[in-house]
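Peer 1: Got a structure here, written out as structure tokens. Questions coming.
Readers should treat all values here as calculations from the given coordinates under stated rules, not as data from a laboratory. Just so it is clear, the structure is predicted and the values come from calculations on it, not from any experiment. Virtual Cβ from ideal backbone geometry, glycine too; neighbours counted across all protein chains shown.
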Amino acid sequence: MAHIFSLVFAADFPDRWSSFFNDLFFTGNLNDRRVAFFYLKVLLAIDAEVVNRDIQRSKNESDRNIKIKDAMREICINEIAKSWLSIANALPDDNIIQILVLENIASYVDWIELDLVANDYIMSHIISKFQNSATSESATSAVCALLEKGMSAEKKVGLTLTIMTVLRQNGLLNVTDNDDEDEVTRVGSLVNTLGLVLLDVQNK
């Protein structure tokens, strides 16, 4: 069903249905678990349909998708970004919802304004999810996606060093003999991404 909604969105937004999110989601109760689950699934389906760069597109599809992303930035992306934290805070013990929120952040961070994700509120939320084994993998993906976001070298260095400091302060770059394989893999992913990002900046 989420995929069908994403197809409708891609066909009608923004020319025929610029109020898509307002009409279907923002005027309702996004803190209701069923609504939140479907909404987050629709957002991921929209990313797959419109944004995902791993899918080959025709020129017409690429032009359409650029237009949709530009319109989303202007019309609704700020509200979408705010909704992630609102939903996460409303349903703190629901691991499935928490994972979907983190997956949304990881998917959308590549093309939305940096400040919508790289702020104290969102970053604190992501960091807190490392403490839960059910959500730590998704939290890792969100941090890695943020680090890999395209930006100027100066911004990239500043962001990377800031994130590295936060991760260190929270003990998220440390490995002990008592850590299981998943924890070692998580730390390895973070360290690897941090290193690759800094090397990429140095080579530019």
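Peer 1: For mean projected area of the Cα convex hull in nm², one of (i) 12.4; (ii) 17.0; (iii) 15.2 was computed from the structure I shared and the rest are decoys. Which label?
Peer 2: (i)
Peer 1: For the chain, take the longest principal axis of its alpha carbons; what is the angle in degrees between that and the long axis of helix 33-46, to the nearest 10 within 0 to 90?
Peer 2: Value to nearest ten degrees: 90.
Peer 1: Arrange the peptides 114-125, 150-161 so that the one whose residues have, on average, the most other Cβ atoms within 10 Å appears first.
Peer 2: Highest-to-lowest ranking by the protection proxy: 114-125, 150-161.
Peer 1: Same structure again: Taking the Cα centre of the chain as origin, sum charge times position over the Cβ atoms of Lys and Arg (+1) and Asp and Glu (-1), and report the length of that vector in debye to the nearest 20.
Peer 2: 540
Peer 1: Now a separate question. Find out how many positive minus negative residues lie around E74, taking Lys and Arg as positive, Asp and Glu as negative, among other residues whose Cβ is under 14 Å from that of E74.
Peer 2: With Lys, Arg at +1 and Asp, Glu at -1, the net is -1.
Peer 1: Note down the magnitude of the dipole of segment 29-116 about its Cα centre, charges +1 on Lys and Arg C-beta and -1 on Asp and Glu C-beta and zero elsewhere, to the nearest 20 debye.
Peer 2: Roughly 260 debye, rounded to the nearest 20.
Peer 1: Which net charge results when you count Lys and Arg as +1 and Asp and Glu as -1 among the other residues whose beta-carbon is under 13 Å from that of F25?
Peer 2: 0
Peer 1: Would you work out which of L146, N31, N178 lies farthest towards the positive end of the dipole of the chain, given +1 charges on the beta-carbon of Lys and Arg and -1 on that of Asp and Glu, about the Cα centre?
Peer 2: So the residue we want is L146.
Peer 1: Could you work out the helix-only [θ] at 222 nm for the chain, with each DSSP H run of four or more residues adding -39,500 (n - 2.57) and the total divided by the number of residues, to the nearest 500 deg cm²/dmol?
Peer 2: So the helix-based figure for the chain works out to -21000 deg cm²/dmol.
Peer 1: A further question on this structure: When only Cα pairs under 8 Å and 6 or more residues apart are kept, what is the percent relative contact order across segment 2-203?
Peer 2: Numbers: 164 pairs, mean separation 34.0, N = 202.
RCO, segment 2-203: 17 percent.
Peer 1: Cβ under 13 Å from L40's Cβ, L40 left aside: what net charge do those residues give with Lys, Arg +1 and Asp, Glu -1?
Peer 2: Overall, the nearby charge balance is -1.
Peer 1: Mind jotting down the distance between the C-alpha centroids of segment 1-59 and segment 64-127, whole Å?
Peer 2: Going from one Cα centre to the other spans 13 Å.
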